[in-house]
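Inspection log for the structure reproduced underneath, given as structure tokens.
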Amino acid sequence: MRWLLVAVWIGWVWDSGHTTPSGWDLAYIGPGAGFAFLGSFLALVWALLLSLGTLLTWPVRVALKSRRRRKWLRRAQVRKVIILGLDGLDPRLAERWMDEGKLPNLARLRAEGAFRRLRTTCPALSPVAWSTFATGVSPAKHRIFDFLDRNLRTYLLELSSSRVYRPRRYLKLGHFQIPLERPQLEQRRKSIPFWRILGEHGVDCTVLRVPLTFPPEPFAGRLLAGMCTPDLRGTQGSFSFFTTRALDSTAEGGNFYRLTRRGDLLEGWLEGPENPLRRDRRPLRVRFFLRACGDQQVELHIQGRRYRLDKGQYSPWIRVAFRAAPGVAAWGICRFLLKQVEPETEL
């Protein structure tokens, strides 16, 4: 609509100096414009009718689905099935320790439920085996052969299970940009997981922390993604180490940050995701303060809340908001571990 108004305005300005001797403006509209207008109008009407039909038939569809589900539940032979999967557990060791009485809970599950050995995949790696567990097909079909894969364009390493694409269209305003579309998430594991098939047949499933389930696929149930789910910074769980000492060391899997003294307080910045509204994608940050309460305890001040941190103990899960603009924020959770207060503070 915006481009149509611009085109009409340009046409009016151009035509203002080209009039007929009689004072009348002449114009010709070809049949293509009429077809385009009619097509757009019919598409809009059809979309409105579909939306209205979906809304009106929603109670009927819910009632039919509920009736069909009750019918399936009446025919079910069991009320609930729980599958417990332990990553990297050797079945021979598990069997031996159960027989020796060292794993009484697993031994009870084996006696009251079902216990079978499963052949692993080739290659025998966690992402490969869990993908086969979920889909029931070989690695050649679900296309997961390792944690990492190489980008065919750059040959750089990337996750084999999922891929996150930034928006391609932005409205650029100086140092800022406004995304005109949402980021795209790609689930790179092929084939259909069994819980989606069960959901189509009225069997609800709750899937907790099964590896390689990010991004979650829509299905009739609940899912909490597990291994290979990226954090807010797009990494596989990188730590942040804050200290008052000189930053002369490097670490693998995380970043070092300097704590700055402000009177009797120590100031630090918790780094979060990139700012999607800035063209330089400067990371969003949350400021916090530490106040020493002796040599074994500090008080943490973050986003208007206070927490007492004891040396060697984790804080509770703390919810933080990385704000990019009014009404635009990325929410996350984190925990703090106080390692040392004196002579240098380490967090």
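The values are calculated or read from the model by the stated rules, or taken from the named source; none is laboratory data. Remember, it's a predicted structure, so these values are computed and weren't measured experimentally. Counting neighbours? That spans all protein chains shown, and the Cβs are built from the backbone with ideal geometry, glycine included. These area figures cover heavy atoms from the full protein model, side chains too; ligands, DNA and RNA do not enter into them. Shrake-Rupley method; radii C 1.70, N 1.55, O 1.52, S 1.80 Å.
Data table
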read-out	value
Filtered residue count, region 136-175, keeping only those that are in contact (Cβ under 8 Å) with a residue 40 or more places away in the chain, assigned to a strand (DSSP E or B), surrounded by 15 or more Cβ atoms within 10 Å (Cβ to Cβ) and not hydroxyl-bearing (Ser, Thr, Tyr)	1
Residue match in region 269-286 (condition: under 25 Å from the mean Cα position of the chain (by Cα) and of a type in the set (Val, Ile, Thr))	yes
Looking only at region 261-270, and only at residues there that are open to solvent by 60 Å² or more (accessible area, probe 1.4 Å) and in contact (Cβ under 8 Å) with a residue 24 or more places away in the chain, the one that is farthest from Leu338 (Cα to Cα)	Arg262
Residue match in region 244-257 (condition: in contact with a Gly (Cβ under 7 Å, 6 or more places away or on another chain), farther than 16 Å from Glu346 by Cβ and of a type outside the set (Lys, Arg))	no
Qualifying residues in region 181-201 (those that are open to solvent by less than 70 Å² (accessible area, probe 1.4 Å) and among the basic types (Lys, Arg)) - the one nearest to Arg67 (Cα to Cα)	Arg189
Any hit, region 182-189, residues being over 18 Å from the mean Cα position of the chain (by Cα) and on the phi < 0 side of the Ramachandran plot	no
Region 55-92: number of residues that are more than 26 Å from Val207 (Cα to Cα) and surrounded by 11 or more Cβ atoms within 10 Å (Cβ to Cβ)	1
Selection count, region 121-142, where residues are closer than 9 Å to Ser191 by Cα and β-branched (Val, Ile, Thr)	2
Residues located in region 271-286, provided they are assigned to a strand (DSSP E or B), over 25 Å from Pro216 (Cα atoms) and open to solvent by 40 Å² or more (accessible area, probe 1.4 Å)	Glu271, Arg278, Pro283, Arg285
Strands (runs of 3 or more DSSP E) contained entirely in region 287-347, each with at least 2 residues that are open to solvent by less than 10 Å² (accessible area, probe 1.4 Å), free of Cβ contacts under 8 Å to residues at least 60 places away in the same chain and of a type in the set (A, V, I, L, M, F, W, C)	297-302, 318-325
Residue list for region 224-250, restricted to those being at pLDDT below 90, under 30 Å from Val210 (Cβ atoms) and among the small types (Gly, Ala, Ser)	Gly234, Gly237, Ser238
Test: residue in region 113-132 that is more than 21 Å from the chain's Cα centre (by Cα), open to solvent by 60 Å² or more (accessible area, probe 1.4 Å) and under 30 Å from Arg233 (Cα atoms)	yes
Flag if Arg108 is over 27 Å from Glu217 (Cα atoms) and not aliphatic (A, V, I, L, M)	yes
